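The values are calculated or read from the model by the stated rules, or taken from the named source; none is laboratory data. Because the structure is a prediction, the values reported are computed rather than measured. Using ideal geometry, Cβ is built from the backbone for each residue, glycine included, and neighbour counts are taken over all protein chains shown. Side chains included, ligands, DNA and RNA excluded: accessible areas come from the protein's heavy atoms. Shrake-Rupley method; radii C 1.70, N 1.55, O 1.52, S 1.80 Å.
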Number of protein chains: 2
Amino acid sequence: MEQLRGACIIGQSGGPTSVINSSAYGVIRTALDAPEITAVYGAANGIQGVLAGRLYDMSTEAPAEIELMKHTPSSELGSCRYKIADPDVDDTDYKRILEVFKQYNVRYFFYNGGNDSMDTCNKISRYMKKVGYDCRVMGVPKTIDNDLFGTDHCPGFGSAAKYIATSIAEVYKDAHVYNTGMITVIEIMGRHAGWLAGSAALAGLVGCGPDVVYLPEVDFDMDQFLKDVTDIYNKTGKCMVAVSEGVHYADGSFVSEAKTAAGDGFGHAQLGGLATRLANVIKEKTGAQVRGIELSLLQRCGAHLASQRDIDEAFLAGKTAVEEALKGESGYMVGFQRLAGSEYGVRTALFPLEVEANYEKKVPLEWINKEHNGVTKEFIDYALPLIQGETYIPKENGLPRFARLKKVLA
Amino acid sequence: MEQLRGACIIGQSGGPTSVINSSAYGVIRTALDAPEITAVYGAANGIQGVLAGRLYDMSTEAPAEIELMKHTPSSELGSCRYKIADPDVDDTDYKRILEVFKQYNVRYFFYNGGNDSMDTCNKISRYMKKVGYDCRVMGVPKTIDNDLFGTDHCPGFGSAAKYIATSIAEVYKDAHVYNTGMITVIEIMGRHAGWLAGSAALAGLVGCGPDVVYLPEVDFDMDQFLKDVTDIYNKTGKCMVAVSEGVHYADGSFVSEAKTAAGDGFGHAQLGGLATRLANVIKEKTGAQVRGIELSLLQRCGAHLASQRDIDEAFLAGKTAVEEALKGESGYMVGFQRLAGSEYGVRTALFPLEVEANYEKKVPLEWINKEHNGVTKEFIDYALPLIQGETYIPKENGLPRFARLKKVLA
């Protein structure tokens, strides 16, 4: 494959994770070290930064400072949720992108994000090919939701799973301290896929797991839920519930949004999240002391508790994207294939970006127990290796020392 | 002082912290090693365990296992919220305690808890003296609220403060990722004292602090609050708010409980916590995207992020309680005096248990800024040393390996 000389852009898009910046650093470090790559630009707020011509010159950053991106949560270059048009319908944005690419001689474009970002990436790749502009486009995956096509798992998931399982174990200790009844409901992210909620069950390996786990892959039945919880509570005096924010009734309506859900005992609109709602329903039904806890943003930005394996794999995904692009590849997302055998191992693999934009990889139904309130050993065996490895985040004053980039505009 | 031979009891009471077990371990380890102490019992669920005669024989535990208590959150022996009567009014409980003490030849009693626990401790001490039963009673402080009399600070506070400041810094990164408006309201524990809410400001030292902090030491004014937040939001497009769960209006009513607070725009009862409530008020007023986050139990059981200094000091408090009791002291709570000078240092000190039971040490008003929406440098200088030191919690399967005690009843 012929050598392609030119600048590269790395952009980040979608919701934050603890390790998305490790991937971006993988791209930036590898690109800065590659002789064919003449300049490394970070797009401010993803594709919006490209459209606005807001590009940070990464060569002006101190090497030690950009390396801190490995431990810095959220998207350090800024993110966006910009929905780009289909180029066959409206090519305005693409013309502008091409203009910027030409202006800066951009020949490599790396986009770091989830399903929507891969779709953006694919559209840009197709457009550049169509207009005959030589540019290699690679997707670098990230999502705590773990719902991307092709890849065994997604950078970001392992760290969120580790945060969730650790927090559940700690809350378990807290919730079992009195010899009085206590029910705890913990709400976990994952609107359509239950990978994160299922990860709560990992805490069971250290004896501090939830009693029941509810995933959005199966319909939620409020009566059955109340029976599950009440049975456990009546037997043990405690019950810990882990529930995905995305649980929904059989008619598809989210439990968190239903205004007058049958059986929930409330006839009026409720503010607050799902955990609060379920806690109130349980309280009304059982009279027990109930506490609802929402892990909220904490689970996706808890970099101090990131999985070191996840950090390393996130870096590897970014590095591989650059290496493969330099070899001539384009139009792919970098992902992982898990090696067979009892020891965990992965190899990187390239997955064509050309997939359904709305695809969401869900937890296989056979990994959910038949009572629909827990996950099987197969789920645990899948998720456990991904939370391994302790990270030692650099500190200053006893607090995380995140990257502080100069962000000099090109 | 004459030597007093006999057994000891250690009990834990009140809400969990990340390091209360480090104090209990300080007592247990030191007592097990003391020749005068003939047996070491852990009371199951505090004073309730004494009353029920439910005592764990700590000598049956493997030394390495009890040492894990240093990293195990919540009260490992179990806690209670039992309010003991005044012995001059009703001495039923005290007679039973004396009976148990005699049965097991208990000559040392250590009680690990907050203000209420110190009051219990004091009453038991007075009763034993009154009936002429020779028993040395010592209080070992714990509370994330940092509101105990006498002592410079309380074991448990530093770890909760570190958890809060770290989480705020991480959420800051998350909340600043898009170039769109975003207001974040983070609710922090502390019903009557603002030590924990004020600690949110520590995150400012790494450039990721809240814009405003509201403490319960001063009256909350909803109009001023909305003005503060709106002004910052209009200027920067973002606003991060840290607020104590205990903020209250000038009439003393909690903002979290007011059904129809003037100016909050709601005429109906609201479920959910203060963060959700304030987020909704702001949303209604500004139309901005607002997210409410409650740190909930996580902030008091996040042992993985404990301050190592706090763990060490908690241990020291327990150890000192035993050592001083062996020397003949009784009727005191162990606490800390901070040494003068620029380097942080403490010495242990004994504070008479004989204080007002309802005392709550609050943040000095001069440590709150004159706008009543932040803390001063004096607060930071006070709190910062307490969050220092990284702990490396033992892990198993990538998850915390907490103590697993056999809890053999004596």
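Need the failing condition index for residue A:219 against (1) surrounded by fewer than 24 Cβ atoms within 10 Å (Cβ to Cβ); (2) closer than 29 Å to residue B:396 by Cβ, just the number.
Residue A:219 satisfies all of (1) surrounded by fewer than 24 Cβ atoms within 10 Å (Cβ to Cβ); (2) closer than 29 Å to residue B:396 by Cβ except (2).
Please work out which residue is least open to solvent (accessible area, probe 1.4 Å), limiting yourself to the range B:377-410 and to residues that are without any contact (Cβ under 8 Å) to a residue 12 or more places away in the chain and outside any loop (DSSP other than H, G, I, E, B).
B:399
Is there any pair linking a residue in the range A:275-291 that is within 20 Å of residue A:172 (Cβ to Cβ) to one that is among the basic types (Lys, Arg), with Cβ under 6 Å and at least six apart or on different chains, and which?
These pairs meet every condition: A:290/A:283.
So in the range A:327-345, with the set limited to residues that are more than 18 Å from the chain's Cα centre (by Cα) and open to solvent by less than 40 Å² (accessible area, probe 1.4 Å), which one is farthest from residue A:135 (Cα to Cα)?
Across the range A:327-345, the extreme among qualifying residues is A:345.
Residue by residue through the range B:178-192, note down the ones that are modelled with pLDDT under 95 and at the interface with another protein chain (Cβ under 9 Å from one of its Cβ atoms).
B:178, B:179, B:180
I'd like the full set of residues that are basic (Lys, Arg) and touching a residue at least 24 places away in the same chain (Cβ under 8 Å), limited to the range B:329-349. Give the steps one after another, and end with the answer.
Start the filter on the range B:329-349 by keeping residues that are basic (Lys, Arg), which leaves B:338, B:347.
Selection gives B:338 alone.
Return the pair list, or none, for Cβ contacts closer than 6 Å from residues in the range A:188-212 that are without any contact (Cβ under 8 Å) to a residue 24 or more places away in the chain to residues that are open to solvent by 10 Å² or more (accessible area, probe 1.4 Å) and assigned to a helix (DSSP H, G or I), at least 6 apart or on different chains.
none
Answer with yes or no whether residue A:85 is touching a Lys or Arg at 6+ places or on another chain (Cβ under 9 Å) and either surrounded by fewer than 24 Cβ atoms within 10 Å (Cβ to Cβ) or of a type in the set (A, V, I, L, M, F, W, C) (or both).
The answer is yes for residue A:85.
Among the residues of the range B:20-60 satisfying the criterion of being of a type outside the set (Gly, Ala, Ser) and free of Cβ contacts under 8 Å to residues at least 12 places away in the same chain, which is nearest to residue B:104 (Cα to Cα)?
For the range B:20-60, the residue satisfying everything is B:35.
Are any of the residues in the range A:252-262 at pLDDT 90 or above, within 25 Å of residue B:284 (Cα to Cα), more than 14 Å from chain B (Cβ to nearest Cβ) and open to solvent by less than 50 Å² (accessible area, probe 1.4 Å)?
The answer is yes; a qualifying residue exists.
Do we find a residue being under 21 Å from residue B:42 (Cα atoms), in contact (Cβ under 8 Å) with a residue 60 or more places away in the chain and either open to solvent by 70 Å² or more (accessible area, probe 1.4 Å) or away from every other protein chain (no Cβ under 14 Å) (or both) anywhere in the range B:350-364?
no
Tell me, yes or no, whether the range B:297-308 has at least one residue that is at pLDDT 95 or above, in contact with a Leu (Cβ under 9 Å, 6 or more places away or on another chain) and of a type in the set (S, T, N, Q).
For the range B:297-308, residues at pLDDT 95 or above, in contact with a Leu (Cβ under 9 Å, 6 or more places away or on another chain) and of a type in the set (S, T, N, Q): present.
Among the residues of the range A:210-239, write down those that are within 14 Å of another protein chain (Cβ to nearest Cβ) and either within 19 Å of residue A:190 (Cα to Cα) or modelled with pLDDT under 95 (or both).
Selection gives A:210 alone.
Looking at B:120, B:17 in this structure, which one is under 20 Å from residue B:311 (Cα atoms) and in contact (Cβ under 8 Å) with a residue 60 or more places away in the chain?
Details: B:120 fails: under 20 Å from residue B:311 (Cα atoms).
The unique qualifying residue is B:17.
If we scan the range A:378-386, do we find a residue that is more than 14 Å from chain B (Cβ to nearest Cβ), over 18 Å from the mean Cα position of the chain (by Cα) and modelled with pLDDT of 95 or more?
Checked against the condition, which is being more than 14 Å from chain B (Cβ to nearest Cβ), over 18 Å from the mean Cα position of the chain (by Cα) and modelled with pLDDT of 95 or more, the range A:378-386 yields at least one hit.
Does any residue in the range B:124-145 that is buried (at least 24 other Cβ atoms within 10 Å of the Cβ) come within less than 6 Å, Cβ to Cβ, of a residue that is in a strand (DSSP E or B) and among the polar types (S, T, N, Q) six or more places away or on a different chain, and which pairs are these?
Correct list of pairs: B:140/B:112; B:142/B:112.
Let me spell it out: the conditions are (1) within 14 Å of chain A (Cβ to nearest Cβ); (2) touching a strand residue (DSSP E or B) at 6+ places or on another chain (Cβ under 8 Å); (3) open to solvent by 10 Å² or more (accessible area, probe 1.4 Å), and residue B:166 meets all of them except one. Which number is the exception?
Every condition holds for residue B:166 apart from (3).
Give the residue that is farthest from residue B:77 (Cα to Cα), with candidates limited to residues of the range B:1-13 that are crowded, with 24+ Cβ neighbours inside 10 Å and touching a Gly at 6+ places or on another chain (Cβ under 9 Å).
Across the range B:1-13, the extreme among qualifying residues is B:9.
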